[in-house]
Amino acid sequence: MFSESKFIMIVGAGPTGLTLARELQRRGVPFRIVERSAEPFTGSRGKGLQPRTQEVLDDLGLIDAFRAAGGEYPELLLHLPDGSKMRRRMDPLHEATAQVPYPNMLMLPQWRTCALLAEGVPVELGVGVTGLKQVEGGVRVTLDSGEITTARYVVGADGGQSTVRKLLGVPFEGETHETERLTIADVRIEGLSRENWHIWPDGQSFKLGLCPLPGTEDFQLTAPPSDLSIDELVSDVGMKVTRIGWTSEYRANMRMVSRYRVGDVFLAGDAAHVHSPAGGQGLNTGIQDAYNLGWKLATGNDRLLDTYEEERLPVAAEVLGISTRLHRAAVDREPGAMNREDPVLRQLSLTYRGGPLAAECRPAPGSVRAGDRAPDAPCGDVTVFDLLRGPHPTLLAFAWPGDLPHAHHIDDPAALAAYDITAPTLVLVRPDNYLGCVTHDPADIERYERSISPI
């Protein structure tokens, strides 16, 4: 389907756009990725990668590089007004299991996430989009350089102020709370331990937070609005700033679109939904938008491309609700507002059950069903994740009595238990590692494979 003259234009080289570029690149699909900024992003911003996002990075072959660059979220150290100190964790550390190899959030600054994703990706910096026109067989794109080109598809991954979304005329529905702001900065602090995330409380809220960023000498500073400068905020708690890097002021902005697709143009990441940073959901949801969309774009299958909105829009709405509730708890100074123990935040329970690509064909399904994330599990000398890694769909034959071409036969009792399978069962895992079709009949697999095949 895709020739060099039929390429996909990705607008925006943040985590979402770069993940999509990686997805297309490994499938040999021609693309261009343009970024209006003349330089790569330099700030820490979204610094947490949830367990499900780490599984995406595993599939992309990047997890080792990310884990080498990042680190676990440190324990909080609260510096109390009376001079005493208290330690606590927002979420207890979880032990890795055969089903969940990456159970905890991984911390690394957003600029590092972008840099790792961008390795080997030909990003065109300093190139913005000024016009879009849907034409037969694609989208005519006007760039701010004056170049006019025609892409087969365009994906707007250009952030909360998305030019693509505005050119499409898609409303960004929700609320902005102008009075709820947060100062964020990357700073270096003289003599402050990097073993903890330091918090100076102010009643039920806080007046200053300093979180060490792995792989750097920096701390991410967070503070409520103040008449004090960053130097003064830090000196007020007895510390000294030696360097101030990227700074930003966050406004409480909770918005999303009601359409992810307009003709041959798609929206993803912050261009489609913006969240409070509470709970560490925004960047992760954007990466998983790209993970859902990439393999579908590569097929050119129009009906399959419609399922991107059908699957991801409800996810964004749910995640927006979760992060907004956590934000409101912090604003209202509710007890326990900093707790992050809810397992939903890890995004492992996200499911497309009942959706357009969830073919649960068993009369008596178990607890793991079509639409769910594929758990990892032992499989002889390898694991299920080893079998899934790559751009392909994967057929798993659990306790299957005969030979089945192109299937991976799995009889390990631990794997059957992980998938809650007690009878011979076929599981077709989608390229984004969600269960597509689960059945006892090979004919169901054949029909499903045809439905997700390239045109």
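Details
- Selected residue (only one of 55, 75, 95 is closer than 17 Å to residue 375 by Cβ, of a type in the set (D, E, K, R) and in contact with a strand residue (DSSP E or B) (Cβ under 9 Å, 6 or more places away or on another chain)): 55
- Residue ID - farthest from the chain's Cα centre (by Cα), chosen from residues in the stretch 192-220 that are closer than 14 Å to residue 244 by Cβ and acidic (Asp, Glu): 217
- Within the stretch 156-176, residues that are free of Cβ contacts under 8 Å to residues at least 60 places away in the same chain and within 18 Å of residue 285 (Cβ to Cβ) reach no partner that is of a type in the set (Phe, Trp, Tyr) and in a helix (DSSP H, G or I) with beta carbons closer than 8 Å at six or more positions or on different chains.
Okay, residues lined up against (1) crowded, with 20+ Cβ neighbours inside 10 Å; (2) of a type in the set (Gly, Ala, Ser):
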| residue | (1), (2) |
| --- | --- |
| 392 | no, no |
| 397 | yes, yes |
| 409 | no, no |
| 432 | yes, no |
| 440 | no, no |
| 443 | no, yes |
| 452 | yes, no |
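- Filter pass, residue 191 being in a loop (DSSP other than H, G, I, E, B), farther than 30 Å from residue 20 by Cβ and small (Gly, Ala, Ser): yes
- Among residues of the stretch 30-47 that are farther than 22 Å from residue 212 by Cα, those with a beta-carbon under 6 Å from a residue that is surrounded by 15 or more Cβ atoms within 10 Å (Cβ to Cβ) and modelled with pLDDT under 95 at least six positions away or on a different chain give the pairs 30/2.
- When residues in the stretch 242-278 are screened for being under 15 Å from the mean Cα position of the chain (by Cα) and among the polar types (S, T, N, Q), 1 of them pass.
- Residue that is surrounded by the most Cβ atoms within 10 Å (Cβ to Cβ), among those in the stretch 12-41 that are under 17 Å from residue 391 (Cα atoms) and charged (D, E, K, R): 23
- When the residues of the stretch 24-50 are filtered to those that are touching a Leu at 6+ places or on another chain (Cβ under 6 Å) and part of a loop (DSSP other than H, G, I, E, B), the one that is farthest from residue 111 (Cα to Cα) is 38.
- Single residue of 430, 362 found to be among the basic types (Lys, Arg) and more than 22 Å from residue 55 (Cβ to Cβ): 362
- You will find that of 23, 75, the residue that is touching a residue at least 60 places away in the same chain (Cβ under 8 Å) and closer than 30 Å to residue 138 by Cα is 23 and no other.
- Selection within the stretch 149-164 - assigned to a helix (DSSP H, G or I) and crowded, with 24+ Cβ neighbours inside 10 Å: 164
- Evaluation of residue 187 against (1) free of Cβ contacts under 8 Å to residues at least 40 places away in the same chain; (2) outside the structural domain of residue 302 (by TED's automatic domain parsing); (3) not basic (Lys, Arg) (one fails), failing number: (1)
- Candidates 99, 134, filtered to the one that is farther than 20 Å from residue 72 by Cα and modelled with pLDDT of 95 or more: 134
- Cβ-Cβ under 9 Å pairs, at least 6 apart or on other chains, the stretch 396-414 side at positive phi and in contact (Cβ under 8 Å) with a residue 24 or more places away in the chain, far side assigned to a strand (DSSP E or B) and surrounded by 12 or more Cβ atoms within 10 Å (Cβ to Cβ): 399/409; 399/410; 399/425
- Only strands (runs of 3 or more DSSP E) whose full extent lies in the stretch 204-295 are considered here, and the ones with at least 1 residues that are crowded, with 20+ Cβ neighbours inside 10 Å, at pLDDT 95 or above and polar (S, T, N, Q) are 219-223.
- Boolean, residue 377 is small (Gly, Ala, Ser), surrounded by 17 or more Cβ atoms within 10 Å (Cβ to Cβ) and modelled with pLDDT of 95 or more: yes
- Unmet requirement for residue 44, which otherwise passes all of (1) surrounded by fewer than 19 Cβ atoms within 10 Å (Cβ to Cβ); (2) farther than 24 Å from residue 350 by Cα: (1)
- Qualifying residue in the stretch 132-148 (condition: crowded, with 20+ Cβ neighbours inside 10 Å, in contact (Cβ under 8 Å) with a residue 24 or more places away in the chain and in a loop (DSSP other than H, G, I, E, B)): no
The values are calculated or read from the model by the stated rules, or taken from the named source; none is laboratory data. Fair warning: this is a prediction, and the values are worked out from it, not measured in the lab. All Cβ positions, glycine included, derive from the backbone under ideal geometry; neighbour counts span all protein chains shown.
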